[in-house]
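S.K.: I'd like to ask some things about the structure below.
The values are calculated or read from the model by the stated rules, or taken from the named source; none is laboratory data. This is a predicted model, so every value here is computed, not measured. All Cβ positions, even for glycine, are placed from backbone atoms using ideal geometry, and neighbour counts span all protein chains on display. All accessible areas refer to the heavy atoms of the entire protein, side chains included, with ligands and DNA or RNA removed. Shrake-Rupley method; radii C 1.70, N 1.55, O 1.52, S 1.80 Å.
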Amino acid sequence: MGVFNQKLYKDFEKVFLKSIQAKSGLLIVTVPGLGTYHFVKKFIEKNNLEDVAYIEGKNEELKSYNILAFDFDKEERDLTATLEYFKKISPNTKFSLIVNDPFLLSTDEYINSAISRHLYGVFYFRARDEKDTIAFAK
């Protein structure tokens, strides 16, 4: 069983494709170790999304749809890089945000940011079922 056959991946792909097609922001909530970043990269690869940028560092080029994939667990809940990208986004540019530290979502910095008001969907990256866990481990 590959990545694309896992129930979690199929659920994720359905929500993410809908978000891209609707050109609306998506908040992806996860915790370290669930393979979220891997799934997102595989999603882009599988769907041949040339107009989607996977951004994990500063000063990377924006495309029409952008996935901000910073490691908040290591950056101690710092939204600085995310806010810098947000300032560059035009009305024709959309983005999704991966948050791998759910506690960030309860901070005043996030709650009061423009980012929180521009993410319209949420996907909670949950723990896998037993079958998917075995496939993930392999």
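S.K.: Which angle from 0 to 90°, rounded to the nearest 10, does the C-alpha axis of helix 36-46 make with the longest principal axis of the chain?
M.R.: Rounded to the nearest ten degrees, it is 80.
S.K.: Then there's this: How far apart, in nanometres, would the label points at Ser24 and Asp129 be if each is projected 7 angstrom from Cα along the Cα-to-Cβ direction?
M.R.: Inter-label distance under the simple model: 2.7 nm.
S.K.: Of the listed peptides 48-55, 36-43, what is their order by residue-averaged count of other C-beta atoms within 10 Å, with the highest listed first?
M.R.: The peptides rank, most packed first, as 36-43, 48-55.
S.K.: While we're looking at this one, here's another question. Between Leu105 and Lys58, with labels modelled 7 Å along Cα→Cβ, what's the label distance in nm to one decimal, could you check?
M.R.: 2.8
S.K.: Just want to confirm a number: the relative contact order over the chain, from Cα pairs under 8 angstrom separated by 6+ residues, in percent.
M.R.: 38
S.K.: For the chain, give me the percentage of DSSP beta bridges that are antiparallel, rounded to the nearest 5 percent.
M.R.: Among the beta bridges of the chain, antiparallel pairing accounts for roughly 0 percent.
S.K.: Further question on the same structure: Helix-only estimate, please: 222 nm mean residue ellipticity of the chain, summing -39500 (n - 2.57) across DSSP H runs of length 4 or more and dividing by its residues, to the nearest 500.
M.R.: -10000 deg cm²/dmol, from helical runs alone.
S.K.: How many nm separate the modelled label positions at Ile89 and His118, each set 7 Å beyond the Cα in the direction of the Cβ?
M.R.: In this crude spin-label approximation the distance works out to 0.5 nm.
S.K.: Further question: For helix 7-22, what angle does its Cα long axis make with the longest principal axis of the chain, in degrees from 0 to 90 and rounded to 10?
M.R.: Once rounded, one gets 30 degrees.
S.K.: Let me ask you something else. Accessible area per residue, 1.4 Å probe, Å², for the chain: what's the number?
M.R.: Accessible surface, normalised per residue, equals 57 Å².
S.K.: Over segment 1-91, what percent of the accessible surface lies on carbon and sulfur atoms, probe 1.4 Å?
M.R.: C and S fraction of accessible area: 49 percent.
S.K.: Then there's this: Could you work out the equivalent-ellipsoid semi-axes for the chain, taking the square root of 5 times each eigenvalue of the Cα gyration tensor, largest first, in whole Å?
M.R.: 24, 18, 13
S.K.: In a Gaussian network model over the chain where Cα atoms closer than 10 Å are linked, find which of Glu13, Glu61, Glu109 has the largest mean-square fluctuation.
M.R.: Ranking Glu13, Glu61, Glu109 by mean-square fluctuation puts Glu61 first.
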